[in-house]
Each structure stands twice: as structure tokens, then as C-alpha cells.
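Report on one structure; see the data block that follows.
Just so you know, all these numbers are worked out from the coordinates, no wet-lab data involved. Note that the coordinates shown come from a computational prediction; the quantities given were computed from them, not determined experimentally. A quick note on method: Cβ atoms are made from the backbone with ideal geometry, for glycine too, and the neighbour counts reach across all protein chains shown.
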Amino acid sequence: MIHIYHGNGKGKTTAAVGLAVRAVGAGLKVIFVQFLKNGSSSEIKMLKDNMEVEYCKECSKFTFQMNEEEKALVTEKHNQMIEKAFENGADMIILDEFLDAYNKKMIDRNLSEKLISENKEKTEIVLTGRNPAEIFIEQADYISEITAVRHPYENGIIARIGIEY
């Protein structure tokens, strides 16, 4: 089954992490893959002790700050990460920030679509990010939209460790 957590609000990754914790607690094998993030988010420390975790060490800056060579390197790493995730026979694969990597063309779209479509009947696949493509909306079994109603950033409060990352 395919789960989508999307929107402009805080909590997409948090929801996916909660589902991962529940699945591991039930004895399921979970792989957590984080696109466009370099492993510095606080949840990674805890997750590594309980499941396989992949992230993009090469993602040291925001995509709008990357040159074409850096984007190509990150895209190559993302492709390797998604292929590896689907090779390992997990019960649940969480593809965090996947929708953004897909929308920014920083992952092979055809490969991603194929892997997700071919595995949705035997694996719980969780996609997070913004603006899911129609192909994923059509296939999804769960869709949850996280909407920002209010956020401290609007008042000049920057991201805080342990809360936003």
C-alpha cells in the first residue's frame, strides 16, 4: 500500500517516523530513506538503532544553492538509495522528502515510478514531501495533507533542533 504525507505544514516526516516506530514495534522490517537531507536531522540518531537508514551525505545545501554538478551528484546518490531500498525486502519503506526530490527531477522519475508501482502490493511505501504527482495520488491508499495554519517561522523564529529537525 502507498501512504502519502504531503503539504506545506510541519509534521510530514514526524508522521512517517511515528509510523516507522509503530511498525518496528510490531516486528516489521523498516527501511527509512531520506532524500535531500544529509543525515543531520535529530530523528536519524534514534532510527539508526532500530532500522536501516539511508540519507544523502552529499546534500550539504539547499537545492537552489547547488550548481549543476552538485545536483547531478545528488541525483546519482538518490537513484542508488531508492534502488537499494527496494532490493532489501522490507515490510515498510519510508521515502522521506521523496516528493520534493521527484518534483525537482533529482531522482530518476521512471525508475521511481516503476519501483513504487511494482512493490505497492507487497510493501508499505510511505512518501513524504510537497505536491505529490498525479501518478502517486492515483495509486495511493492513504493520503494525509499537512496544512500550515500557524508556524513560528512567520514570527522570525528559525528551525530548532529537536523540534523542526
For GLU54, other-chain or 5+-apart residues with amide H closer than 5 Å (H placed, Pro excluded) are PHE32, VAL33, GLN34
Which stretch or stretches of region 82-98 have amide N atoms under 12 Å from the point lying 7 Å from GLU118's Cα along the Cα→Cβ direction?
-> 83-84, 86-88
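Once fully extended, how much extra length lies between LYS61 and HIS151, figured as 0.36 nm per residue of separation less the alpha-carbon to alpha-carbon distance? Walk me through the numbers on the way to the answer.
Working: separation 90, 0.36 × 90 = 32.40 nm, distance 2.27 nm.
That pair, LYS61 and HIS151, stretches by 30.1 nm at full extension.
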Span from the region 1-78 Cα centroid across to the region 98-165 one, whole angstrom = 10 Å
Between VAL126 and residues 5 or more places away or on another chain, the pairs with built amide H atoms under 5 Å apart involve HIS3, ILE93, ILE94, LEU95
Here the averaged projected area of the chain, based on the convex hull of its alpha-carbon atoms and given in nm², is 9.5 nm²
